[in-house]
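Single-structure report; data block below.
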Amino acid sequence: MKIEVLRLNHRKKRDTRISTHVCLTARAFGASKIYLTGEKDAKLMENVKDLVKRWGGSFEISYNKSYMNIIEEYQNNGGEVIHLTMYGLQVHNVIKDIQKSTKDKLIVVGGSRVPTKVYKKADYNVSITNQPHSEVSSLAIFQHMLLDGKEFDINFDNPVFKIIPMVEGKKIDIKKDN
């Protein structure tokens, strides 16, 4: 099962930091790709690509003006769309059904107001809580539950930097040939 993320309606002046955190979270919790829609932000995309070069793995980022094209193409290719929203069914009540499916997953997280057609097109509208909160936290919790915590075991290929877990202090293994 492949996991990808769709970030809706990115706004350069308002959303750069939060969209960056959506990208970082998607990658760290097991997604292989993120699609940005809304305003094109070459600097954000370059920063994410640079992070992947330094910290490893094969995470991709791409831009597409039309989020509906991405959603429809995903479904036409046999994948399912999971829209994270505080108005959906609570994750703990639907996660087992979502996990049973081996279909590729496109996880949709909002930016500005999410159009009704996204709710209608999604295979699942899922809430983490029914209270306002961050799309970053929703994404992290959903991916954690989807993977049953297996994101802790992900090894990112060819990193320049790698954190060495310690009780105290900071230790980073730096690959010398870069």
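Just so it is clear, none of the values below were taken in a lab; they were calculated from the coordinates. Predicted model only: the values in this text are computed from it and were never measured. Quick reminder, even Gly has a Cβ in these numbers, built from the backbone with ideal geometry, and neighbours come from all protein chains shown.
Some notes on this structure:
- Candidates Arg27, Arg17, Arg11, Arg7 - the one that is crowded, with 16+ Cβ neighbours inside 10 Å and farther than 28 Å from Lys176 by Cα: Arg7
- Test result for Val81, in contact with an Asp or Glu (Cβ under 6 Å, 6 or more places away or on another chain), closer than 22 Å to Asp15 by Cα and aliphatic (A, V, I, L, M): no
- Applying the condition of being of a type in the set (Lys, Arg) and touching a residue at least 60 places away in the same chain (Cβ under 8 Å) to region 90-112 and asking which residue is surrounded by the fewest Cβ atoms within 10 Å (Cβ to Cβ) yields Lys103.
- Check on Val136, of a type in the set (Val, Ile, Thr), closer than 24 Å to Lys40 by Cα and in a strand (DSSP E or B): no
- Selection count where residues are assigned to a strand (DSSP E or B) and charged (D, E, K, R), scope region 78-101: 1
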